[in-house]
Amino acid sequence: MAVPKRRTGRAVTHARRSANSKLTVAPRSVCPQCGATKLPHYVCPNCGYYKNREVIVTE
């Protein structure tokens, strides 16, 4: 069985473990009604439309 010659440092261990835990930007889409950016599959907070129907009445 292989035995490491030297101890792995703390920085190397933490860098290896944190390689897969990066923060990602939330996906964005454009509202076809008003052109504002919104989350996909959500009602547009700017105009209140979802799938070309008014779901929330906004002023």
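Where a number appears in this text, it was derived from the coordinates with a stated rule and is not lab data. This structure is a prediction, so every number in the text was calculated from the model and none was measured. Glycine also receives a Cβ, built like all others from the backbone with ideal geometry; neighbour counts cover every protein chain displayed.
Some points to look at:
- Environment charge of GLN33, counting only residues whose C-beta is closer than 12 Å and scoring Lys/Arg +1, Asp/Glu -1: +2
- Note on LYS38: lysines with a C-alpha under 23 Å away, same-chain residues under 8 apart excluded, are LYS22, LYS51.
- Approximate shape of the chain as ellipsoid semi-axes (Cα gyration tensor, √5λ), whole Å, largest first: 51, 10, 8
- Charge dipole (Cα centre; +1 on Lys/Arg Cβ, -1 on Asp/Glu Cβ; no other charges) of the chain amounts to roughly 900 debye.
- Highest mobility in the GNM of the chain, judged by mean-square fluctuation with C-alpha springs under 10 Å and restricted to VAL30, VAL43, VAL12, is found for VAL12.
- All other residues whose Cβ lies under 12 angstrom from that of TYR42 are scored, Lys and Arg at +1 and Asp and Glu at -1, for a net of +3.
- Summary value for the chain: 17 percent relative contact order, contacts being C-alpha pairs under 8 angstrom separated by 6+ residues.
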